[in-house]
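The values are calculated or read from the model by the stated rules, or taken from the named source; none is laboratory data. Note that this is a predicted model, so its numbers are computed, not measured. Note: ideal-geometry Cβ built from the backbone for every residue, glycine included; neighbour counts use all protein chains shown.
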Amino acid sequence: MTATKRRKPSGSTLLAGLCVVGAAAIAWFGGVAQGQRSATGAPVTIAAAEVPPESASARTYATISQGGLPTRIVISSAGIDAPVAEVGVVMEKGRAVWETAWQAAGHHIDSAMPGQPGNVVITGHVSVADRRNLAAFATLDRVADGDIVQVYSGDAIYSYAVERVAIVPPDAVQLLRSDSRAIITLITCTPDLKNRLVVIARLSESQTPPAGA
């Protein structure tokens, strides 16, 4: 996900900007493929497939947030620690495209908030052309099943346990829908910018509430 400053992309970074937009489109249109890792630990490349709906006995959580915006994301196992900024859809040259975060990972404003039922969607660059920018998800490929994704919302910290890691094509847009599950979906490009690396994690029941709560 190579990109330059928001709204002023240069020709040399157009391809990278499109990569970010392509990854964001997964969230916008509602799709991602499920996946698992091979015996060697590498993500398995798969095509989109329907995710079964949550059963009637859907998990309940001891702590559910009041909907504060995410401010930071930490994945210690992959060495990721980045601020989070809000991104949305803007009009460029008469068409709707997703913004890309500058010096941060991007929380898609129409997705769920940390700790809430639903799907928290966060995208990040895998590489950047402008060194002043931040490749927030440069090491997302190090994440494995069972790793913990921590999302900060002010003083609150919400922990998500990784359940799926997948490489999907750019047009895997059918599946990333919110339901009763409290999950987070992280999206970046593969290093060759041809596909998308997707990490899906589920909210853990043990949370750190805001100070003074």
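Among the residues of the stretch 129-144, is any in contact with a strand residue (DSSP E or B) (Cβ under 7 Å, 6 or more places away or on another chain) and farther than 14 Å from Thr188 by Cβ? Talk me through it step by step, then tell me what you get.
Let us first name the residues in the stretch 129-144 that are in contact with a strand residue (DSSP E or B) (Cβ under 7 Å, 6 or more places away or on another chain), namely 134, 136-137, 139-141, 143-144.
Narrowing the set further to residues that are farther than 14 Å from Thr188 by Cβ leaves 144.
The answer is yes; a qualifying residue exists.
Identify all residues within the stretch 141-170 that are part of a loop (DSSP other than H, G, I, E, B), surrounded by fewer than 17 Cβ atoms within 10 Å (Cβ to Cβ) and either free of Cβ contacts under 8 Å to residues at least 12 places away in the same chain or in contact with a helix residue (DSSP H, G or I) (Cβ under 8 Å, 6 or more places away or on another chain) (or both); write none if there are none. Working first, answer last.
First pass over the stretch 141-170, keeping only residues part of a loop (DSSP other than H, G, I, E, B): 143-147, 154-155, 169-170.
Narrowing further to those that are surrounded by fewer than 17 Cβ atoms within 10 Å (Cβ to Cβ): 144-146, 154-155, 169.
Once the filter is applied, which keeps residues that are part of a loop (DSSP other than H, G, I, E, B), surrounded by fewer than 17 Cβ atoms within 10 Å (Cβ to Cβ) and either free of Cβ contacts under 8 Å to residues at least 12 places away in the same chain or in contact with a helix residue (DSSP H, G or I) (Cβ under 8 Å, 6 or more places away or on another chain) (or both), the stretch 141-170 yields only Ala144.
Any idea which of (1) in a loop (DSSP other than H, G, I, E, B); (2) modelled with pLDDT of 50 or more is the one Ser55 doesn't satisfy?
Failing condition for Ser55: (2).
Which residues, taken from the stretch 156-183, are of a type in the set (Asp, Glu) and either under 23 Å from Trp102 (Cα atoms) or under 15 Å from the mean Cα position of the chain (by Cα) (or both)? Explain how you work it out, then say what you get.
Our first condition is that a residue be of a type in the set (Asp, Glu); within the stretch 156-183, this holds for 163, 171, 179.
Selection gives Glu163 alone.
Take Asp147 and tell me if it is among the acidic types (Asp, Glu), closer than 25 Å to Ile167 by Cβ and in contact with a Ser or Thr (Cβ under 8 Å, 6 or more places away or on another chain). Full working, then the answer.
Details: among the acidic types (Asp, Glu): yes; closer than 25 Å to Ile167 by Cβ: yes; in contact with a Ser or Thr (Cβ under 8 Å, 6 or more places away or on another chain): yes.
Judged against the criteria, Asp147 is a match.
Going through the stretch 91-105 one residue at a time, which ones are within 11 Å of Pro70 (Cβ to Cβ) and touching a Phe, Trp or Tyr at 6+ places or on another chain (Cβ under 8 Å)? Show your work before the answer.
Step one: of the stretch 91-105, the residues within 11 Å of Pro70 (Cβ to Cβ) are 104-105.
Once the filter is applied, which keeps residues that are within 11 Å of Pro70 (Cβ to Cβ) and touching a Phe, Trp or Tyr at 6+ places or on another chain (Cβ under 8 Å), the stretch 91-105 yields only Ala105.
Considering only the stretch 76-128, how many residues are surrounded by fewer than 18 Cβ atoms within 10 Å (Cβ to Cβ) and not in a strand (DSSP E or B)?
Going through the stretch 76-128 one residue at a time, the tally reaches 10.
Checking the conditions here, which among Gly115, Gly154 is at pLDDT below 90, in contact with a Leu (Cβ under 9 Å, 6 or more places away or on another chain) and of a type outside the set (Asp, Glu)? If you could, list the steps in order and put the result at the bottom.
On the way: Gly115 fails: at pLDDT below 90.
Residue meeting the stated conditions: Gly154.
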